[in-house]
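Reading through the structure tokens given below for one structure.
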Amino acid sequence: MQKYTSVPPAKQFTWLLSPLLFFVCWINTAAYAAVSPIPLLVEQCLSYRFPDKLFNDASDSDTLAVKLERDFLGFFNINDRIKYYRQFPLSYADRERLLQCQLFLADELALFFKSTQFQSIRFKLAESDNPAVQALSMRINRIAKSNESPKYKAQLHTAQAAFKQGVSSQSLSLNFTNDKCKLPQNIDATKANDFNDTLASYLIKQTDQQCRKQVWQAYQARASIKNKSSLDLIKGLRQQQANLDGFNDFVSEQLAEQWLSKPEAVAQFLRGQTQAISIAPWDLGLVLSKAKATSVEPVLAEQWIMQVATELQAFGITVTQINQKLYRAYLDRRLLGDIYITYANRVAVKPIRQQVVGQQFGQAELILKPELNSYQQQSAAINSIAKVITQFASGQPFYLYNTIGDTQDTAQIDTLWLQQYLKNQLLPELKSDSREAIVLQYAKQLQVFRAKVALNTYLASDSSLRFDLNRAFTQAFSAHWDNIKDAPYTFSAIVYEGPLYYQKIWQQALANYIYQSTKDCQNQKLVFDYLVVNESSNSIANILRLLLDEPLTHDSLIKRTQHAFNHQDQHPRRCTILRK
């Protein structure tokens with residue numbers, strides 16, 4: 001970084017809730033209506049207690065599971081409602097109330113997991129031959145096994161928050177002492193701040209590639225000094241915990257319960273997903289400014305919802321409009337849940353209540369722009385609707401089964417598959433030189449590179465699996481990052497997801513492989529039933545065998561996701577599920 005360019009640090013419920021609460025919530029989805037529902041929610045939260053006795057010696061494991069679900073459902077609903085309200089701008093008093101409630105629920109759950117009653121429940125559930133109860137038992141054991149101390153959690157969360165704050169600012173302030181990298185309109189050397197805007201704005205306006213590179217690198221380095229101590233503390237805490245649990249490093253511990261259960265498998269997958277796109281990060285803005293956007297017909301949000309609903313009929317899904325702000329979803333005439341529509345200048349989905357078969361139907365808020373004018377907006381709306389449908393359609397009588405996957409790195413495959421299916425039906429195919437295709441290609445390679453950075457960060461220092469990050473960056477972007485040591489400080493997910501950062505890329509690749517393998521099948525409802533509904537409580541391994549009609553090892557599946565139906569190495573498409 002030359003001396004004339006500097007970037008200083010940037011500026012910085014339950015299902016038994018009263019009808020009155022629901023009425024207030026649904027008439028106005030803003031969290032802070034005329035009469036805030038939060039005090040009532042917090043009152044119910046702080047009065048919640050886990051049941052003293054869930055079963056007697058005569059209870060069989062299946063009966064116990066049903067009792068456990070009924071008693072736990074109130075806890076889960078309160079927790080979900082808190083998460084929902086915390087997304088809104090709230091008064092200081094309400095934020096404190098919700099935080100107090102979250103801490104209370106966490107303490108109550110921790111005490112329950114340490115109780116002798118819970119130990120009896122675990123052993124009882126393990127006796128079941130019912131696949132759904134077995135899966136429930138596995139999920140309960142997974143969330144109960146954490147032995148992190150309160151001090152550990154406090155240190156970790158404090159360091160994570162500090163790290164996130166250090167990389168969160170998007171503002172950019174540049175001071176130049178040399179005219180070379182000033183923008184044309186800012187030649188006046190008397191100005192203290194020659195540029196005060198976003199990084200993207202500067203990179204698009206600056207025609208000199210070397211200046212773009214220098215400024216981009218300076219921006220990436222803005223938090224490295226500030227955040228080094230936070231990341232070092234997090235790494236030390238993670239390594240210490242991994243050693244206490246009997247693992248060589250935090251990567252090995254995190255992967256032990258994943259589909260890709262070994263560091264070697266993740267490294268193999270990431271190497272296979274690396275592709276040269278020959279676009280340096282500092283050149284992306286200029287490349288996009290010259291590329292053409294994919295043209296789509298503008299459509300009103302209401303019309304787009306119904307177009308998506310028409311495609312969902314292939315799976316037995318029916319979406320009925322109750323009024324302008326309420327839609328109701330059914331699966332084979334079984335009520336799944338309600339979708340509340342809010343119009344804003346963005347597209348998003350906010351889960352409110354999880355659907356649980358035989359216990360409660362789902363609720364979600366879908367936020368849409370009133371008119372969807374671009375490919376990106378229509379694609380984002382599809383993504384959000386698909387999230388709601390997969391949340392609602394899971395066919396299990398247990399909350400934890402419907403909300404926690406077999407593994408973290410396979411939990412979203414059903415949603416990603418449905419998103420890809422719907423986009424293929426409703427959106428035009430992207431040309432390779434289109435703006436949207438370039439963004440997707442670049443975003444994937446950035447994710448692959450960051451996954452390598454995250455893996456390196458938490459691997460043992462003497463591990464032979466560590467990537468050469470200089471080489472990895474050059475392989476993907478055909479450019480050199482002078483200060484590659486700044487890479488771990490550029491994204492906050494490294495302290496939250498850690499070595500599991502690969503999971504989004506992996507699940508997208510696996511969902512794409514499933515889609516490509518089954519898209520020519522006439523019976524798409526069977527694919528949906530296996531992958532999304534899964535009423536038979538199949539594990540992800542069994543689901544893949546049902547869909548692909550062959551046992552798959554980690555190694556073979558990684559290779560198939562790498563070469564999924566490209567022109568050079570195409571696996572044969574066989575619609576084996578038609579024979580089922």
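The values are calculated or read from the model by the stated rules, or taken from the named source; none is laboratory data. Computed from a predicted structure; not experimentally measured. FYI the Cβ positions are ideal-geometry reconstructions off the backbone, even for glycines, and counts take in every protein chain you see. The protein model used for the area step is the full one, side chains on, heavy atoms only, and it has no ligands, DNA or RNA in it. Shrake-Rupley method; radii C 1.70, N 1.55, O 1.52, S 1.80 Å.
Would you mind telling me which numbered condition in (1) under 20 Å from the mean Cα position of the chain (by Cα); (2) under 30 Å from residue 394 (Cα atoms); (3) open to solvent by 10 Å² or more (accessible area, probe 1.4 Å); (4) of a type outside the set (A, V, I, L, M) residue 524 fails? In the conditions (1) under 20 Å from the mean Cα position of the chain (by Cα); (2) under 30 Å from residue 394 (Cα atoms); (3) open to solvent by 10 Å² or more (accessible area, probe 1.4 Å); (4) of a type outside the set (A, V, I, L, M), residue 524 misses (1) alone.
Annotation: residue 449 fulfils all but one of (1) assigned to a helix (DSSP H, G or I); (2) of a type outside the set (D, E, K, R); (3) within 16 Å of the chain's Cα centre (by Cα); the unmet one is (3). Any residue at all in the range 226-242 that's more than 23 Å from residue 488 (Cβ to Cβ) and at pLDDT below 95? Scanning the range 226-242, I find no residue that is more than 23 Å from residue 488 (Cβ to Cβ) and at pLDDT below 95, so the answer is no. Listed by position, the helices (runs of 4 or more DSSP H) enclosed by the range 1-117 that each have at least 2 residues that are modelled with pLDDT of 50 or more and either among the basic types (Lys, Arg) or under 26 Å from residue 343 (Cα atoms) (or both) are 38-46, 61-85, 92-113.
Please find, among 276, 329, 314, 280, the residue that is more than 27 Å from residue 435 (Cβ to Cβ) and out of contact with any Leu (no Cβ under 9 Å at 6 or more places or on another chain). So the residue among 276, 329, 314, 280 that is more than 27 Å from residue 435 (Cβ to Cβ) and out of contact with any Leu (no Cβ under 9 Å at 6 or more places or on another chain) is 314.
Against the numbered list (1) open to solvent by 60 Å² or more (accessible area, probe 1.4 Å); (2) modelled with pLDDT under 90, residue 131 comes up short only at (2).
So is residue 328 basic (Lys, Arg), closer than 28 Å to residue 75 by Cβ and surrounded by 21 or more Cβ atoms within 10 Å (Cβ to Cβ) or not? No, not satisfied.
Does the range 218-228 contain at least one residue that is among the aliphatic types (A, V, I, L, M) and touching a Gly at 6+ places or on another chain (Cβ under 7 Å)?
Start the filter on the range 218-228 by keeping residues that are among the aliphatic types (A, V, I, L, M), which leaves 218, 221, 223, 225.
Next, only the ones that are touching a Gly at 6+ places or on another chain (Cβ under 7 Å) stay: 223.
Yes, because at least one residue in the range 218-228 is among the aliphatic types (A, V, I, L, M) and touching a Gly at 6+ places or on another chain (Cβ under 7 Å).
Please pick out the residue among 506, 481, 417 that is aromatic (Phe, Trp, Tyr) and more than 24 Å from the chain's Cα centre (by Cα). Walk me through how you get there before you give the answer.
On the way: 506 fails: more than 24 Å from the chain's Cα centre (by Cα); 417 fails: more than 24 Å from the chain's Cα centre (by Cα).
None of the others qualify; the one that does is 481.
Of the strands (runs of 3 or more DSSP E) lying entirely inside the range 332-437, those containing at least 2 residues that are at negative phi, among the hydroxyl-bearing types (Ser, Thr, Tyr) and open to solvent by 20 Å² or more (accessible area, probe 1.4 Å) are 334-343. Of the residues screened, residue 469 is not one that is modelled with pLDDT of 95 or more, crowded, with 16+ Cβ neighbours inside 10 Å and closer than 16 Å to residue 282 by Cβ.
Screening the range 243-298 for helices (runs of 4 or more DSSP H) wholly inside it with 2 or more residues that are under 24 Å from residue 198 (Cα atoms) returns the ranges 284-290. Of all the residues in the range 480-516, those that are open to solvent by 30 Å² or more (accessible area, probe 1.4 Å) and part of a loop (DSSP other than H, G, I, E, B) number 5.
Restricting attention to the range 203-236, the residues being crowded, with 18+ Cβ neighbours inside 10 Å and in a helix (DSSP H, G or I) number 18.
Of the candidates 544, 548, the single residue that is crowded, with 18+ Cβ neighbours inside 10 Å, over 25 Å from the mean Cα position of the chain (by Cα) and at pLDDT below 95 is 548.
Against the conditions (1) modelled with pLDDT under 95; (2) under 23 Å from residue 379 (Cβ atoms); (3) surrounded by fewer than 16 Cβ atoms within 10 Å (Cβ to Cβ); (4) not aliphatic (A, V, I, L, M), residue 285 satisfies every one except (3).
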